[in-house]
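In what follows, a structure is listed as structure tokens, so that the remarks can point back to it.
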Amino acid sequence: MANRRAAYEVGRAAEEAVARFLQKAGWSVLERRWRGAGAEIDLIVQREGEVRFVEVKFRSDNDPVGLEAIDGHKIAKLERAAELWLAQQAAEVTQACLAVAFVGRGEKGWEIEFLDDPV
């Protein structure tokens, strides 16, 4: 049980680090851990009419690298959830897509690799 709690806390901290990273890049955080259509979207961010549905992946040393960490089933679930979220919005969205943020711990803190529209 302690390992699950520790993993949960690391995941939350990684999501917060990505949120701060994106805010510094001019994105506004609209949602955190939004649930719908059988999936959870870690972050939904917007900048000038563009929306990104961000999957945050914390990387341990032995984890798959890159998009290998997210399989086709997960991508399909995220796409369904993103479509539902978009259908519920009144504001105009000029562009929307998935994004992935890979997060690791480095010597100087969080290391974030952000892949915008990787699919």
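The values are calculated or read from the model by the stated rules, or taken from the named source; none is laboratory data. Predicted model only: the values in this text are computed from it and were never measured. All Cβ positions, even for glycine, are placed from backbone atoms using ideal geometry, and neighbour counts span all protein chains on display. For accessibility, only protein heavy atoms count, side chains too; no ligands or nucleic acids. Shrake-Rupley method; radii C 1.70, N 1.55, O 1.52, S 1.80 Å.
Name every residue in segment 57-80 that is modelled with pLDDT of 95 or more and either touching a Lys or Arg at 6+ places or on another chain (Cβ under 6 Å) or under 18 Å from Ala17 (Cβ atoms) (or both), in order of residue number. Scanning segment 57-80 gives no hits. Within segment 92-102, the set of residues being over 18 Å from Leu115 (Cβ atoms) and either in a helix (DSSP H, G or I) or open to solvent by 70 Å² or more (accessible area, probe 1.4 Å) (or both) comprises Glu92, Thr94. If you filter segment 83-99 down to residues that are touching a Gly at 6+ places or on another chain (Cβ under 9 Å) and among the aliphatic types (A, V, I, L, M), you find that the one that is nearest to Gly49 (Cα to Cα) is Val93.
The listed residues are Glu55, Glu79, and the only one of them that is acidic (Asp, Glu) and part of a helix (DSSP H, G or I) turns out to be Glu79. Exactly one residue out of Gly11, Gly38, Gly26 is touching a residue at least 40 places away in the same chain (Cβ under 8 Å) and on the phi > 0 side of the Ramachandran plot, and it is Gly38.
Filtering Lys24, Lys108 for residues that are basic (Lys, Arg), open to solvent by 60 Å² or more (accessible area, probe 1.4 Å) and modelled with pLDDT under 90 leaves a single hit, Lys108.
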